[in-house]
Amino acid sequence: MVKILAITNQKGGVGKTTTSVNLAASLAAKDKKVLLIDLDPQANATMGSGTNKLTVKQTVYQVLLGETPIVSVRVSNLQAKYDLIPSNRDLAGAEVEMVALSKRELRLKTALSQIENEYHYVIIDCPPALNLLTLNGLCAAHAVMIPMQCEYYALEGLSDLVNTIKKVRASFNPIIRIEGLLRTMFDPRNILAQQVSDQLQQHFGNKVYRTVIPRNVRLAEAPGFGIPVLYHDRQSKGAQAYLELAKEVLNV
């Protein structure tokens, strides 16, 4: 049975796309069939998966508007062994255009139902905003992973996101739940980061993944080559951390 995981945080720069791409690659490396959906107009997950957002003809934009079936948009990443539904800047206009459509919150869920059973995991990279695109991701998902840096403002934003997920559960998607909080870009030498990490564990207990994603040069370099870090430097701390995260996700 497929598991659909939305990776979201309305705060930008927390490692959301890095997590989406590298978790997809790590699950695929463990012989799981994986689909990555880029739901962000910035299209960083598309570029990080080796697909050029400037030349791709059909994207999730056409899927959400009902112009193209999702199967026609799918791109195979032969090296990283997962499939991709790409994005580009056209997606920024989708929110306005979707307002007039029926069941606009469920457009992705409806489209995804055509192919979801071909996969073990579907990873949805949501944009850094609580908007209609993110809402589509949350309505389609079974569970949510929240990547976050261990800093003061991260805790404030977290409560907003938790409230949004509760509203989605009440109105659109009764099965959605928070699967876990992922500590990203972690520097153990930073005292504040350690304190926030401790607070997270106190408040959320086993909802905090044991795996911690460190600050890592190889992780930062990999998108420039259009590949997940696993295929840039498998022995790097970043690659090993995402392999550990994949193990944890598989065991949940």
Expressed per residue, the solvent accessible area of the chain in Å² (1.4 Å probe) is about 45 Å²
With +1 on the Cβ of every Lys and Arg and -1 on the Cβ of every Asp and Glu, the dipole magnitude of region 1-87 about its Cα centre, in debye rounded to the nearest 20, is 220 debye
Under the Karplus relation with 6.51, -1.76 and 1.60 and θ = phi - 60°, whole-Hz ³J(HN,Hα) for region 206-212, x at Gly and Pro, equal 6, 7, 8, 4, 5, 5, 10
Env charge @ LEU243, Cβ radius under 9 Å, K,R +1 / D,E -1, value +2
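Taking the Cα centre of the chain as origin and charging only Cβ (+1 Lys, Arg; -1 Asp, Glu), how large is the dipole, in debye to the nearest 20?
For the chain, the charge dipole is close to 380 debye.
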Taking a crude spin-label model, label points 7 Å out from Cα along the C-beta direction, the ARG177 to PHE225 distance in nm is 3.8 nm
Surpassing 31 Å at the alpha-carbon level, of the pairs LYS81/LYS167; LYS81/LYS166; LYS3/LYS103; LYS103/LYS166, are LYS81/LYS167; LYS81/LYS166
Note: probe point = Cα of GLU118 + 7 Å toward Cβ; backbone nitrogen < 13 Å; residues of region 70-104 passing the test are 70-77, 82-86
Sorted on mean Cβ neighbours within 10 Å (highest first), peptides 57-65, 212-220, 15-23, 82-90 come out as 15-23, 82-90, 57-65, 212-220
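Evaluate E = 1/(1 + (r/R0)^6) for HIS142 and GLU244, where r is the Cβ-Cβ distance and R0 equals 25 Å; express this FRET efficiency to the nearest 0.05.
0.70
Counting only protein heavy atoms, what percent of the accessible surface of region 27-70 is carbon or sulfur at a 1.4 Å probe? Walk me through the numbers before you get to the answer.
Numbers: 800 of 1780 Å².
The C+S portion of the solvent-accessible surface of region 27-70 is 45 percent.
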For region 59-162, shape from the Cα gyration tensor axes a ≥ b ≥ c, cut at a/c of 1.5 then a/b versus b/c, turns out oblate
The alpha-carbon center of region 231-250 and that of region 166-201 are separated, in whole Å, by 19 Å
Across the alpha-carbon set of region 38-116, Rg over Rh with Rh taken as the Kirkwood radius works out to 0.96
Farthest towards the positive end of the dipole of region 72-202, among ALA141, ALA92, LEU158 and with Cβ unit charges of +1 on Lys and Arg and -1 on Asp and Glu, lies the Cα of ALA141
A 1.4 Å probe over the protein heavy atoms gives region 154-218 a carbon and sulfur accessible-area percentage of 51 percent
With label points set 7 Å from each Cα along the Cα-to-Cβ direction at ALA100 and VAL2, the distance between them in nm comes to 3.0 nm
Along principal axes, largest first, the alpha-carbon spread of the chain in whole Å comes out as 50, 40, 32
Going residue by residue through region 124-131, the Karplus relation 6.51 cos²θ - 1.76 cosθ + 1.60 with θ = phi - 60° gives ³J(HN,Hα) values, rounded to whole Hz and with x marking Gly or Pro, of 10, 8, 7, x, x, 6, 8, 10
For GLU151, placing the label point 7 angstrom along Cα-to-beta-carbon and taking region 162-195, residues whose amide nitrogen sits under 17 Å are 182-195
Whole-Å distance linking the alpha carbon centroid of region 132-164 with that of region 24-60 is 20 Å
per DSSP, antiparallel bridges as share of beta bridges in region 49-189, % nearest 5, sits at 30 percent
Expected unfolding gain across ALA170-GLN194 under the 0.36 nm per residue rule, minus the alpha-carbon gap, is 5.2 nm
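The values are calculated or read from the model by the stated rules, or taken from the named source; none is laboratory data. Keep in mind that what you see is a predicted model, and the values were worked out from it rather than measured. Note that we place each Cβ from the backbone using ideal geometry, even for glycine, and neighbour counts take in every protein chain shown. Heads up: the accessible areas ignore ligands, DNA and RNA and are worked out on the full protein's heavy atoms, side chains in. Shrake-Rupley method; radii C 1.70, N 1.55, O 1.52, S 1.80 Å.
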